[in-house]
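Engineer: Take this structure, written in structure tokens, and hold onto it; I'll ask about it next.
The values are calculated or read from the model by the stated rules, or taken from the named source; none is laboratory data. It should be emphasised that the depicted structure is a prediction, and the values quoted were computed from it without experimental measurement. For neighbour counting, all protein chains shown are included, and Cβ atoms are generated from backbone atoms with ideal geometry for every residue, glycine included.
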Amino acid sequence: MHRQEGLEALGFRIVMWGLAALSFVLLLAPSLVVVVVSFTSGYSLKFPPPGYSFRWYVSLLDAWQLQFAAGNSLEIAAATTALSVLLGVPAALAIARSPTARARALDSLFMSPLVLPALSFGLASLMFFSLIGLPVSPLTLVIGHVVVCVPYVMRTTIASVAQLEFSLLESSASLGASRWYTFRRITLPLIRPGILAGAFIAFMSSFDNVPVSLFLRDARTDMLPIRMWQDLEGKLDVSIAAVSGVMIVVTLSLMILMERVAGLSRRLR
Amino acid sequence: MSYELKLAAPLAAFFGLFFILPLLILLYVSLQADTAMTSMAVSQFTRFLFDPFSLSVLAHTLFLGVEVTALCLILGFPLAWAYVRGPAWAQPILIVVVLLPLLTSVVVRTFAWIVILGRQGIVNSALLSLGLTDTPLRLLYTEGGVVVALAQVQMPLMVLPLITALSRIDRNLDDASAALGAGAWRGFWRVTVPLSLPGILAGCMLTYAAAITAFITQSLVGGGQMLFMPMYIYQQATALQNWPFAAAISIVFLAAVLAVVSVFNVLGRLSKAHAEA
């Protein structure tokens, strides 16, 4: 009987750890494969590569279309993040601890872009802007991006406001500090990691946005993910592997940095 | 002490103007009889609902979401379980491996699968060198390829809520279940799974919504042979310039996603009440 129990427990462990190991490899392998293949000396995406070189990274120095798109994406993501923080943080403060039905309704509204198909929203925005006669421009792109990125700022900020010790704010007020002074000297420093984490995720998700950019960009505002997608649809260009390698390394470094300064991983759950 | 609701007014106004109003215009355009947009009718919706091709695209897309979500759950649950039960030193490594794909560009992640599944990719070179096949298999542009790629791309959305749910479970319950003579599997199905149900449902909802709307992965790994709703909308709107029909498909798609999300929300609330009871 005891041996049977031991066997069952062993079987359970083997299945669970086996599946966990499989998904670990599944999550990690694609990034590794891209990094390895980006150093190929050949002209194809053959894996393993026939030899190794930096040639595809060197080729990026002349890839002006990709550089142009990357520059646009960075600018749009920066503007989107700034506007998302400006609009999202006050709104998060307002609804974080409010139990009213109106606050709950606003919360659901602000979070809804996370689950609704962004492509439908992108098309709706295009129709809206063309109806009011506003041609697509960096401005329309930023507006569209803010709608789908502001939920990330809201989510992490609301979580950090919910953890605030409100007695701190009350004692600050009772000592005669003005609301603005209390906000600047006590509230803001305490919720700053939450805002930072949200701003970081908003930035990454704007930089990576496809479904909204698809409808709201034109040749002058080419976006990096869309440029890469169109390149991949046409031909399998190895320079895309080099771009991907750069993006993986930058993402990983930023992620580790944000983990240090804002405890990113705790704020994503 | 709390903040006034009026601090939310700027964002509420922004959403009213740039989120709700565009969606209302989408609805208005979908109710146009033709591309001239001069008379209103429900003809775009009847065209969709009586067209076997459109219906099959919708059904195919919704079913793709089920396949991806199931695979994510089967692989993601043990990973979250390993995170919670494994040694403390492994946790930072695991969290980086889970978060990196979430923050890496979706085009990059999809590109990785093109490299892996291609004719000269890692799977085919392994199969060829093991002598399991003489000619490279076609893995790209197959439904199986799309499901596996999407599962990897969306897995973090499943794993993160599961980690939260599993960390909340009192470890003593495991010991209690074992002490009462329940085997490992019985304890797992009767204690761990029911108590983590809120996390399972939250993870399934996020993965499902993300999988069926994943334009880039669907189009690059699926290729031209397989048509899913997002690409269908994009083609009708841009290549064919048929705005009323594109709007109608978008509305149908929005409604389908909303229905699925509401079902998960209701189930989530029930399961939370159950887990806390």
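Engineer: Kindly indicate which of A:Ala173, A:Ala177 is within 10 Å of chain B (Cβ to nearest Cβ), more than 20 Å from the chain's Cα centre (by Cα), modelled with pLDDT under 90 and farther than 30 Å from B:Ala237 by Cα.
Structural biologist: When all the criteria are applied, what remains is A:Ala173.
Engineer: For segment A:44-55, does any single residue satisfy the condition of being at pLDDT 90 or above, within 14 Å of chain B (Cβ to nearest Cβ), closer than 19 Å to B:Phe111 by Cβ and not in a strand (DSSP E or B)?
Structural biologist: Checked segment A:44-55: no residue is at pLDDT 90 or above, within 14 Å of chain B (Cβ to nearest Cβ), closer than 19 Å to B:Phe111 by Cβ and not in a strand (DSSP E or B).
Engineer: Examine segment A:57-70 for a residue that is among the acidic types (Asp, Glu), at the interface with chain B (Cβ under 9 Å from one of its Cβ atoms) and assigned to a helix (DSSP H, G or I), and state whether such a residue exists.
Structural biologist: No, segment A:57-70 has no match at all.
Engineer: For segment B:95-113, check the following and say yes or no: at least one residue is surrounded by 17 or more Cβ atoms within 10 Å (Cβ to Cβ), at pLDDT below 95, of a type in the set (Gly, Ala, Ser) and part of a loop (DSSP other than H, G, I, E, B).
Structural biologist: Checked against the condition, which is being surrounded by 17 or more Cβ atoms within 10 Å (Cβ to Cβ), at pLDDT below 95, of a type in the set (Gly, Ala, Ser) and part of a loop (DSSP other than H, G, I, E, B), segment B:95-113 yields at least one hit.
Engineer: If the Cβ limit is 7 Å and pairs must be 6+ apart or interchain, which residue in segment B:211-225 that is in a loop (DSSP other than H, G, I, E, B) pairs with which residue that is of a type in the set (Val, Ile, Thr)?
Structural biologist: Close Cβ pairs satisfying both conditions: B:Ala214/B:Val153.
Engineer: Could I ask something else about it? Is it fair to say A:Val37 is within 13 Å of chain B (Cβ to nearest Cβ), more than 20 Å from the chain's Cα centre (by Cα) and crowded, with 17+ Cβ neighbours inside 10 Å?
Structural biologist: Yes: the conditions hold for A:Val37.
Engineer: I would also like to ask the following. Please work out if A:Val136 is in contact (Cβ under 8 Å) with a residue 12 or more places away in the chain, within 20 Å of B:Leu11 (Cβ to Cβ) and surrounded by 15 or more Cβ atoms within 10 Å (Cβ to Cβ).
Structural biologist: Spelling it out, it is not the case that A:Val136 is in contact (Cβ under 8 Å) with a residue 12 or more places away in the chain, within 20 Å of B:Leu11 (Cβ to Cβ) and surrounded by 15 or more Cβ atoms within 10 Å (Cβ to Cβ).
Engineer: Residue under question is B:Leu55, and the condition is that it be assigned to a helix (DSSP H, G or I) and within 13 Å of another protein chain (Cβ to nearest Cβ); does it hold?
Structural biologist: It is false that B:Leu55 is assigned to a helix (DSSP H, G or I) and within 13 Å of another protein chain (Cβ to nearest Cβ).
Engineer: Can you spot a residue in segment A:75-83 that is at pLDDT 90 or above and facing another protein chain (nearest Cβ under 10 Å)?
Structural biologist: So far as segment A:75-83 goes, yes, one or more of its residues are at pLDDT 90 or above and facing another protein chain (nearest Cβ under 10 Å).
Engineer: Still on this model: What are the residues in segment B:239-265 that are exposed (fewer than 15 other Cβ atoms within 10 Å of the Cβ) and either over 18 Å from the mean Cα position of the chain (by Cα) or not in a helix (DSSP H, G or I) (or both), if any?
Structural biologist: Across segment B:239-265, the qualifying residues are B:Ala239, B:Leu240, B:Gln241.
Engineer: Check whether at least one residue in segment A:235-246 is free of Cβ contacts under 8 Å to residues at least 12 places away in the same chain, charged (D, E, K, R) and not in a loop (DSSP other than H, G, I, E, B), and report yes or no.
Structural biologist: The answer is no, given that none of the residues of segment A:235-246 is free of Cβ contacts under 8 Å to residues at least 12 places away in the same chain, charged (D, E, K, R) and not in a loop (DSSP other than H, G, I, E, B).
Engineer: For segment B:266-277, name all the residues that are surrounded by 15 or more Cβ atoms within 10 Å (Cβ to Cβ) and either under 18 Å from the mean Cα position of the chain (by Cα) or among the acidic types (Asp, Glu) (or both).
Structural biologist: B:Leu267, B:Gly268
Engineer: So, one more: Which is buried (at least 21 other Cβ atoms within 10 Å of the Cβ), in contact (Cβ under 8 Å) with a residue 12 or more places away in the chain, among the hydrophobic types (A, V, I, L, M, F, W, C) and within 7 Å of chain B (Cβ to nearest Cβ), of A:Leu87, A:Leu27?
Structural biologist: Unique residue meeting the criteria: A:Leu87.
Engineer: Please enumerate the residues belonging to segment A:123-151 that are more than 23 Å from A:Ala69 (Cβ to Cβ) and of a type in the set (Ser, Thr, Tyr).
Structural biologist: If the condition is that a residue be more than 23 Å from A:Ala69 (Cβ to Cβ) and of a type in the set (Ser, Thr, Tyr), then A:Ser130 is the only one that fits.
Engineer: Taking helices (runs of 4 or more DSSP H) that do not extend beyond segment B:130-207, which have at least 3 residues that are closer than 17 Å to B:Leu73 by Cβ and out of contact with any Lys or Arg (no Cβ under 6 Å at 6 or more places or on another chain)?
Structural biologist: B:143-168
Engineer: Given the criterion in a helix (DSSP H, G or I), touching a helix residue (DSSP H, G or I) at 6+ places or on another chain (Cβ under 9 Å), free of Cβ contacts under 8 Å to residues at least 12 places away in the same chain and not aromatic (Phe, Trp, Tyr), identify the matching residue among A:Ala173, A:Ala197.
Structural biologist: Answer to the selection: A:Ala173.
Engineer: Can we say A:Leu116 is more than 11 Å from chain B (Cβ to nearest Cβ), of a type outside the set (Phe, Trp, Tyr), farther than 21 Å from B:Glu4 by Cβ and free of Cβ contacts under 8 Å to residues at least 24 places away in the same chain?
Structural biologist: Judged against the criteria, A:Leu116 is not a match.
Engineer: Turning to a different aspect of this structure: Residue check: is B:Gly203 more than 10 Å from chain A (Cβ to nearest Cβ) and either crowded, with 18+ Cβ neighbours inside 10 Å or within 21 Å of A:Ser205 (Cβ to Cβ) (or both)?
Structural biologist: Considered against the rule, which asks whether it is more than 10 Å from chain A (Cβ to nearest Cβ) and either crowded, with 18+ Cβ neighbours inside 10 Å or within 21 Å of A:Ser205 (Cβ to Cβ) (or both), B:Gly203 comes out as yes.
Engineer: Exactly one condition in (1) over 30 Å from B:Ile169 (Cβ atoms); (2) in a loop (DSSP other than H, G, I, E, B) is not met by B:Ala12; state its number.
Structural biologist: That leaves (2) as the condition not met.
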